[in-house]
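The values are calculated or read from the model by the stated rules, or taken from the named source; none is laboratory data. Bear in mind that the values here come from a model prediction, so they are computed numbers and not experimental data. Here the Cβ is made from the backbone with ideal geometry for all residues, glycine too, and neighbour counts use every protein chain on show. Accessible surface is based on the protein model in full, side chains and every heavy atom, while ligands, DNA and RNA are left aside. Shrake-Rupley method; radii C 1.70, N 1.55, O 1.52, S 1.80 Å.
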Amino acid sequence: MSLQKTLKALADPTRREILNLLKSGKRSAGEISDQFAITPAAISRHLSILKEADLISDTREGKYIYYQLNASVLEEILLWISDLKGEDDL
């Protein structure tokens, strides 16, 4: 995973809001799309970018794909920022 790809994914406010939605647990693409006034195709692209950055993962259950937060990547970013600031702990 590249830090550049992760930070680029996090730079978009829609993608950050998707991550906020996933804090409470896994959701289908339809459930995510219902929260935004943009096309399902646009949401699909945002989900793809988040997945490429390893910020989310997906699992298929029947005919639905559910997305969930990958907190370990976020923890790595926090550790990097902490190290950059010269802090020992978060």
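Modelled label positions at residue 29 and residue 64, each set 7 Å beyond Cα in the direction of Cβ, lie 1.4 nm from each other. Accessible area ranking (1.4 Å probe, heavy atoms, ligands and nucleic acids excluded), largest first, for 45, 60, 16, 27: 60, 45, 16, 27.
Magnitude of the charge dipole for the chain, about its Cα centre and with charges confined to Cβ atoms of Lys, Arg (+1) and Asp, Glu (-1), is about 500 debye.
Against the chain, whose longest principal axis is taken from its Cα atoms, helix 71-85 shows a tilt of about 30°.
Once backbone amide H atoms are built at 1.01 Å from N, residue 28 has 67 as its partners under 5 Å, excluding neighbours fewer than 5 places away on the same chain.
Shape verdict for segment 1-54, please, from the Cα gyration tensor: rounded (a/c under 1.5), prolate (a/b greater than b/c) or oblate.
Numbers: a/c = 1.93, a/b = 1.57, b/c = 1.23.
Because a/c hits 1.5 or more and a/b exceeds b/c, segment 1-54 counts as prolate.
Could you state the angle between the C-alpha long axis of helix 40-52 and the longest principal axis of the C-alpha atoms of the chain, as a value from 0 to 90 degrees rounded to the nearest 10? With rounding to tens, the tilt is 30 degrees.
When the square roots of the Cα gyration tensor eigenvalues are ordered a ≥ b ≥ c, the ratio a/c for the chain is 1.5 or more and a/b exceeds b/c, which makes its shape prolate.
Once the Cβ-Cβ distance of residue 72 and residue 42 is raised to the sixth power relative to R0 = 30 Å, the FRET efficiency obtained is 0.65.
Here the peptides 72-79, 48-55 are ranked by packing, the mean other Cβ count within 10 Å, and the order with the highest first is 48-55, 72-79. With respect to the chain, whose longest principal axis is taken over its alpha-carbon atoms, helix 13-22 is tilted by about 80°. Couplings 3J(HN,Hα) for segment 30-36, derived from phi with the Karplus relation 6.51 cos²θ - 1.76 cosθ + 1.60 (θ = phi - 60°), are x, 5, 5, 4, 4, 8, 10 Hz, where x marks Gly and Pro.
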